[in-house]
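First comes the structure, then the notes that go with it.
The numbers here are math on the coordinates, done by the rules we state, and not lab data. Bear in mind that the values here come from a model prediction, so they are computed numbers and not experimental data. Glycine gets a Cβ as well: all are built from the backbone with ideal geometry, and neighbour counts include every protein chain shown.
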Amino acid sequence: MIPDDMIDEVIERGLTDWVMDSAVVGVIRECIPMDDPLTVRQHVLEVVTAVVSRGMAELGDTPREGGFHPWKSPLDEALARITRKWDALPEPYPQGGELFWLRNTPLGKEEAERILDRWDAEGIL
């Protein structure tokens, strides 16, 4: 099971902007210092599963013409798509939106505000 602090960090980052795949990788690598690409990938997929299945974010792309284009596929198909694209990368980690983007939903924005309030109260900010 993925630690809540990783999920919180991804949702908080989504408060002001869409979150690219490499940012999720960065969160994982900050929270669990490691450099095993397969373990990092598994954690990324778990974070994506958590935020999407909880209704806090949606997966999509940001094409050249602009905007966020949500994927219409079910989560299991989206995860398979991410895995296929990741397997095809020449490097072990994505470089800025190659695989996916996350956009907070209204529920995710509310949760991000609660996270910031909690961090502020705890003196983390």
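Structural remarks
- Among the candidates Glu111, Glu58, the residue that is within 12 Å of Trp18 (Cβ to Cβ), surrounded by 15 or more Cβ atoms within 10 Å (Cβ to Cβ) and charged (D, E, K, R) is uniquely Glu58.
- Positions within segment 47-97 being under 22 Å from Asp5 (Cα atoms), among the β-branched types (Val, Ile, Thr) and touching a Phe, Trp or Tyr at 6+ places or on another chain (Cβ under 9 Å), in sequence order: Val48
- Within segment 9-31, the set of residues being in contact with a helix residue (DSSP H, G or I) (Cβ under 7 Å, 6 or more places away or on another chain) and surrounded by fewer than 19 Cβ atoms within 10 Å (Cβ to Cβ) comprises Leu15, Arg29, Cys31.
- Criterion applied to Val27, Val47 was being of a type in the set (Val, Ile, Thr), part of a helix (DSSP H, G or I) and touching a residue at least 40 places away in the same chain (Cβ under 8 Å), and the one residue passing it is Val47.
- Any hit, segment 86-104, residues being in a helix (DSSP H, G or I), surrounded by 10 or more Cβ atoms within 10 Å (Cβ to Cβ) and among the aromatic types (Phe, Trp, Tyr): yes
- Check on Glu58, in contact with a Pro (Cβ under 9 Å, 6 or more places away or on another chain) and of a type in the set (D, E, K, R): yes
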